[in-house]
4 protein chains.
Amino acid sequence: MVSIKVGVLGATGLVGSRIVSLLAHHPWFRVAAVSGGQRNHGRRYAEARHDGGAGVPDYIADLKVAASDATAFADCQLILSALPAEVASDVEPVFAAAGHAVVSNAKSYRLAPDVPLIVPEVNADHLALIDVQQRRRNWSGYIVTNPNCSTIVLSLAIAPLYAAFGIRQLQVTTLQAISGAGYGGVDALSLIDNVIPFIAGEEDKIESEPRKLLGAFSNDGIAFADFAISATCIRVPVLDGHLEALSLQLDRPAQADEILTTWRDWQPLKQRNLPSAPAHPVIYLDAPDRPQPRLDRDAAGGMATVIGCLRRCPVLDYKLIALGHNLVRGAAGGVILIAELLKSEGRL
Amino acid sequence: MVSIKVGVLGATGLVGSRIVSLLAHHPWFRVAAVSGGQRNHGRRYAEARHDGGAGVPDYIADLKVAASDATAFADCQLILSALPAEVASDVEPVFAAAGHAVVSNAKSYRLAPDVPLIVPEVNADHLALIDVQQRRRNWSGYIVTNPNCSTIVLSLAIAPLYAAFGIRQLQVTTLQAISGAGYGGVDALSLIDNVIPFIAGEEDKIESEPRKLLGAFSNDGIAFADFAISATCIRVPVLDGHLEALSLQLDRPAQADEILTTWRDWQPLKQRNLPSAPAHPVIYLDAPDRPQPRLDRDAAGGMATVIGCLRRCPVLDYKLIALGHNLVRGAAGGVILIAELLKSEGRL
Amino acid sequence: MVSIKVGVLGATGLVGSRIVSLLAHHPWFRVAAVSGGQRNHGRRYAEARHDGGAGVPDYIADLKVAASDATAFADCQLILSALPAEVASDVEPVFAAAGHAVVSNAKSYRLAPDVPLIVPEVNADHLALIDVQQRRRNWSGYIVTNPNCSTIVLSLAIAPLYAAFGIRQLQVTTLQAISGAGYGGVDALSLIDNVIPFIAGEEDKIESEPRKLLGAFSNDGIAFADFAISATCIRVPVLDGHLEALSLQLDRPAQADEILTTWRDWQPLKQRNLPSAPAHPVIYLDAPDRPQPRLDRDAAGGMATVIGCLRRCPVLDYKLIALGHNLVRGAAGGVILIAELLKSEGRL
Amino acid sequence: MVSIKVGVLGATGLVGSRIVSLLAHHPWFRVAAVSGGQRNHGRRYAEARHDGGAGVPDYIADLKVAASDATAFADCQLILSALPAEVASDVEPVFAAAGHAVVSNAKSYRLAPDVPLIVPEVNADHLALIDVQQRRRNWSGYIVTNPNCSTIVLSLAIAPLYAAFGIRQLQVTTLQAISGAGYGGVDALSLIDNVIPFIAGEEDKIESEPRKLLGAFSNDGIAFADFAISATCIRVPVLDGHLEALSLQLDRPAQADEILTTWRDWQPLKQRNLPSAPAHPVIYLDAPDRPQPRLDRDAAGGMATVIGCLRRCPVLDYKLIALGHNLVRGAAGGVILIAELLKSEGRL
């Protein structure tokens, strides 16, 4: 059994904690070092976590929280980063330059022309950009990025349709869970008996990232997919699980049953046997009132996009509801699946 | 001071109770009779209400709950109906045939070709359909209907834009409050840590009713406005206040400041001095995270649509957020405002 | 491997559904028949459930819902009843008379002098009352009852203290989850931004049932434990998990560490190897802000009482917080554990 | 009409903002200066508030936020302090020494032997301690304190019973609203589908402050009332309104109707005509499921304690439920009512 040493940056936050928990019994990866904010430096990892390290095995719980600099992580070939963007911008290149494979959940480099933005089922071929990146930047390591949580849920829903029918335009309204804002992100006074139609920076991400994901790699770069996306993002009093109301127009006409079949048959990672990959990245529910965050966010271990309510749209072609677990598939699990893809591609 | 006797049908439910409460100190109307379900017949009105008649003056609190038949309401020129649709379908025509002016919140006759569907600021001229209705049905009274709650919030937002610029197509995702489902409408187990992307029949109403409202009266009928509406309706854990995320395409180009000015200057009822009419039916908020249900639903006594977040839409022309109080402007207050309009038109 | 055929009465409600789900892979028991309300008679079981039978194996999902009469359950030696009390009162004796072992979650017979009220860790010896019951009533079967959900959480907390130190008096305020009221039990309008200090009949149960549980069996009856209990019951917007704030006065003085040790060492079922018994029925948490419903209700599979905040009480002796999963240990799991105890005692 | 210039310290927080809003149209007091945290110094007051100064008249909205030092407040005879305790400890004595009348909501000096802790209906006579304080500390001004929010709700409920019957011991479990923790006090992730049985320092306050309030002034000091209080404090997902489940033992036996009469007749401030005093500081509701936070917190403008569910307690004598608005009567309104009492006593 392979065992690759992993360092987790920002390991005490909500996403970093989830990465560590998901790796606790991973067949390929072994958490060997963790970093966190200054007030936690030197503390036992379990004690630095908000949940006291619930469910974390002793060998991880006993790690000392380090600063996010390369010295403490020299042994870790693989770096999974849950750093805040303002820290990630400076820190991640240092690791990449020092030869580490960095998979980052931060937004800092998602749209950089030589940095792959990856959803493994959607654009594994974009990893070729790593070679471009290493050449241009003269790095022995590299940075690969995980998209915004809402983007991932959305991209799994539309990628097979984009491949089969083309997409001309897309409207999406997201109802996003509180955990997407991290610890301290939303005050309880703000969100009881309320929703908030504003999440800083979120609409821009959803309007751009999917077009990079669905873009074509050629000539050492990505040509963004050429269709317009309009996003409205709303925070709702749900703990976990982003729900998205989509309307889309296809390039070529499609019957509803063709769309359902396309989703059902879409298993792009099937041959790779990645430990965290869901058997079906898209799951369609027939009930008229599904998916719902609390009932469906944990489908396929939180790694799938669950879809329902496919129906004709009087303005575009189809309406549908998509849902995914923002902390698992949308963040921690997404980062890990990218790392598994890198291993499968021989890049680890 | 005029004093018109009013009968309220379905007066013990959430909407009917609100109608009665709003009429408690009304300058023109005086509640003289109330009806309710069979188990409440003969009970004192205050005791039949879920809230024990909080804030209701004694002369109303002491009314006995009657059945919804015309005998108990013979004295009431004006009938305000909050009956469930399946009851309203049979009962309301009996009242209209007997000479009563019926303003109904039920969906039963909203789309009937000879029944006005009215938002007073939007299409007061459609009241001319009353004459057609009386002629065709040989009624001495008539039925006028109040639209679906989400439709009203939406229509106030778009009516001035429709008049000024034309509308080509419109997408709306609604986040609807629990009170829209009435007492017993939503189980608490369903909606804590959750949202539900399904409200039976709601999308159809929103996709059709605004087009009747914005339609033109001519030749004894209404020609529906000719643009497509696409609606997605989601129930959220909010007590009162429907929030709507809109995207729309205009017929003629407009700058954002033209749109803001159009809303600001829109005061179609100004000359009529209707007691329940808001000074400004549309209120625009500049803050980036408004409107919010809990903070803004009571603006202008719950009778206005509060708008915010106007911004360019990459797919259609503009995106915006609209909010209104579903029980006040969207139901009880809307019914009362229609009655005031009827009075102002000399039809009471 | 033994395999005892089980009939579940009231199998489509919240508790009955949970019983069936918990039995899906039980080593001793096999669900062979299910009953439900009249509108579900003859329907496929999975379709009659609110959750569509999520996670239920095919052989159970395909059962037809029967009426709660003995004919459909002739094969089932063991009957687990989640019937509403008003139905259970009539139905359960019929089954017992016909030779079935009935374990009931209904309140109907909990306080009957010849019916055991059982928490297996607390008063397994009360099963001797079965012999009294069969003799008096001339039944070949019998009824055993599971206490009220709040009673169970409470009893696990205090039983070892009662045995070790005696209890003189006890105050408890419960913060009870919505699921305790069943489907349709609490309207969402009632409980958002609110709590309700009233649960019909609940305080009486908590003030009497623990005293039967802790009572002594002798002379063919139970002498209730002789101490006063005062209960205040409040419904709170929590999905699952009843939290209880206790103050108690002991008969004999005890240091806090003696109490902690008493809980830690309390493993009364250890030798019996019952499949559903938690290793430790009481789990103590040291953190100052635990237990909490969402974080701790699933400890030990929802079968333990989780305790925290033990501290001196200025009025009685000690204050503490106890928490348990009302649907698992407090209802479905409690019923199953009693059935396992009956098997272990040779009464099945 | 008198018009006393008031300075509000900590005027941008939740309590301070409420003080200012309640004073906006006060007949006696006029807000003339406001202080806030360093990042707000020099900003326009309305903009420094979380709610943008909603409902605040222009002359207050336009005030510049000052530092909490005496220079900016030289004109203000009356200082109302909503400072955090760690700031209040240093700042408030400076104001008192400089001759200001300081009414403080901070805990810093509540238990100081020469500082009055006041609920105007309960212990107006304790204001005599001001003279002791000025003598001992050689201050020309003075500090008077408002109790903890839960204490106030509790004290209004029990003060008339203490006077009429005596109290021997008291148990209370509080279900406290989120607003009691201030902005940023509770993360939304913590409290959806959850309650938290811990509020730092709160139980100590409730177990001591009421005994000072109900104590007797003599010999230049307060002899604390001699009965034990046991408190358990739990945070619940309610926006405003603390609900308290009480059990109490009286010194002398009393029938329930004597207690009800005692509450009903209790109008200790009647002769003083204080603008913010509720006509009845205690309101009893007969419905079995009241009071409830959302339905009853605004009774008497949020200035009363609403009581219900009076019933026999099997351990002590009586159980009851009390409720009060933590931000109004429990904080901002309580501070203002004390100031009105000071005026009425000729101390302003």
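The values are calculated or read from the model by the stated rules, or taken from the named source; none is laboratory data. Since this is a predicted model, take the numbers as computed values, not measurements. When we count neighbours, we look across all protein chains shown, and the Cβ atoms used for this are built from the backbone with ideal geometry, even at glycine.
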Residue count for the range B:321-335, restricted to those that are more than 9 Å from chain A (Cβ to nearest Cβ) and part of a strand (DSSP E or B): 2
Go through the range C:301-320 residue by residue and tally those that are away from every other protein chain (no Cβ under 14 Å) and at positive phi. 2
Among residues belonging to the range B:174-184 that are in contact with an Asp or Glu (Cβ under 9 Å, 6 or more places away or on another chain) and closer than 23 Å to residue C:177 by Cα, point out the one that is surrounded by the fewest Cβ atoms within 10 Å (Cβ to Cβ). B:184
Answer yes if at least one residue in the range C:42-62 is over 16 Å from residue C:12 (Cα atoms), among the basic types (Lys, Arg) and assigned to a loop (DSSP other than H, G, I, E, B), and no otherwise. no
Looking across the range D:185-218 at residues that are among the hydrophobic types (A, V, I, L, M, F, W, C) and over 30 Å from residue A:176 (Cβ atoms), the single one that is farthest from the other protein chains (Cβ to nearest Cβ) is D:217
Considering residues that are surrounded by 24 or more Cβ atoms within 10 Å (Cβ to Cβ) and over 15 Å from the mean Cα position of the chain (by Cα), the number found within the range A:208-221 is 0
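Which residue out of A:39, A:49, A:43 is under 22 Å from the mean Cα position of the chain (by Cα) and either modelled with pLDDT under 95 or of a type outside the set (Gly, Ala, Ser) (or both)?
Working: A:39 fails: under 22 Å from the mean Cα position of the chain (by Cα); A:43 fails: under 22 Å from the mean Cα position of the chain (by Cα).
Only one candidate passes the filter, namely A:49.
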Go through (1) closer than 19 Å to residue C:190 by Cα; (2) in contact (Cβ under 8 Å) with a residue 40 or more places away in the chain one by one and return the number of the condition residue B:47 breaks. (2)
Residue C:311 fails exactly one of the following numbered conditions: (1) of a type in the set (Lys, Arg); (2) part of a loop (DSSP other than H, G, I, E, B); (3) more than 27 Å from residue C:3 (Cβ to Cβ). What is the number of that condition? (2)
I need the full set of residues from the range B:160-180 which are within 8 Å of another protein chain (Cβ to nearest Cβ) and not hydroxyl-bearing (Ser, Thr, Tyr), in order please. B:169, B:170, B:171, B:175, B:178
Residues of the range D:170-186 satisfying the condition of being at pLDDT 95 or above, under 28 Å from residue D:124 (Cβ atoms) and in a helix (DSSP H, G or I): D:179
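From the list D:280, D:242, pick out the single residue that is at pLDDT 95 or above, within 12 Å of chain C (Cβ to nearest Cβ) and touching a helix residue (DSSP H, G or I) at 6+ places or on another chain (Cβ under 8 Å). Full working, then the answer.
Values: D:280 fails: within 12 Å of chain C (Cβ to nearest Cβ).
It is D:242.
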Every pair of residues 6+ apart whose Cβ atoms lie under 6 Å, when the first sits in the range B:50-74 and is among the hydroxyl-bearing types (Ser, Thr, Tyr) while the second is buried (at least 18 other Cβ atoms within 10 Å of the Cβ): B:68/B:9; B:68/B:35; B:68/B:91
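Output the residue which, of all residues in the range D:152-169 that are surrounded by fewer than 23 Cβ atoms within 10 Å (Cβ to Cβ) and either outside the structural domain of residue D:180 (by TED's automatic domain parsing) or hydrophobic (A, V, I, L, M, F, W, C) (or both), is farthest from residue D:123 (Cα to Cα). Spell out how you get there, then give the answer.
Of the range D:152-169, the ones surrounded by fewer than 23 Cβ atoms within 10 Å (Cβ to Cβ) are D:160, D:162-166, D:168-169.
Subset that is either outside the structural domain of residue D:180 (by TED's automatic domain parsing) or hydrophobic (A, V, I, L, M, F, W, C) (or both): D:163-165.
Working: D:163: 11, D:164: 15, D:165: 17 Å.
Only one residue fits best here, namely D:165.
Only residues that are touching a strand residue (DSSP E or B) at 6+ places or on another chain (Cβ under 7 Å) and surrounded by fewer than 24 Cβ atoms within 10 Å (Cβ to Cβ): list them for the range B:130-151, please. Give the steps one after another, and end with the answer.
Within the range B:130-151, the first condition is being touching a strand residue (DSSP E or B) at 6+ places or on another chain (Cβ under 7 Å), and the residues that meet it are B:130, B:133-134, B:141-147, B:149-150.
Within the range B:130-151, B:130, B:133, B:134, B:141 meet the criteria.
Report yes if residue A:272 is surrounded by fewer than 17 Cβ atoms within 10 Å (Cβ to Cβ), more than 14 Å from chain B (Cβ to nearest Cβ) and farther than 30 Å from residue B:208 by Cα, otherwise no.
Numbers: surrounded by fewer than 17 Cβ atoms within 10 Å (Cβ to Cβ): yes; more than 14 Å from chain B (Cβ to nearest Cβ): yes; farther than 30 Å from residue B:208 by Cα: yes.
So residue A:272 passes the test.
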With the condition kept exactly as written, say whether any residue in the range A:64-85 is touching an Asp or Glu at 6+ places or on another chain (Cβ under 8 Å), of a type in the set (Gly, Ala, Ser) and crowded, with 17+ Cβ neighbours inside 10 Å. yes
Could you list, in sequence order, the residues of the range C:90-127 that are within 14 Å of residue C:69 (Cα to Cα) and either in a strand (DSSP E or B) or small (Gly, Ala, Ser) (or both)? C:96, C:97, C:98, C:99, C:102
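Conditions tested, residue by residue: (1) more than 21 Å from residue C:336 (Cα to Cα); (2) of a type in the set (Val, Ile, Thr); (3) assigned by TED's automatic domain parsing to the domain that holds residue C:168; (4) free of Cβ contacts under 8 Å to residues at least 60 places away in the same chain.
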site	(1), (2), (3), (4)
C:238	yes, yes, yes, no
C:243	yes, no, yes, no
C:251	yes, no, yes, no
C:261	yes, yes, yes, yes
C:268	no, no, yes, no
C:275	no, no, yes, no
C:282	no, yes, yes, no
C:304	no, no, yes, no
C:309	yes, no, yes, yes
So which of B:279, B:256 ends up being hydrophobic (A, V, I, L, M, F, W, C), surrounded by fewer than 20 Cβ atoms within 10 Å (Cβ to Cβ) and in contact with a strand residue (DSSP E or B) (Cβ under 7 Å, 6 or more places away or on another chain)? B:256
Could you tell me how many of the residues in the range A:49-62 are closer than 14 Å to residue A:16 by Cα and more than 14 Å from every other protein chain (Cβ to nearest Cβ)? 3
Any idea which of (1) in contact with a Lys or Arg (Cβ under 9 Å, 6 or more places away or on another chain); (2) surrounded by fewer than 20 Cβ atoms within 10 Å (Cβ to Cβ) is the one residue C:231 doesn't satisfy? (2)
Residues of the range B:139-169 being part of a strand (DSSP E or B) and either under 30 Å from residue C:187 (Cα atoms) or charged (D, E, K, R) (or both), which ones? B:145, B:168
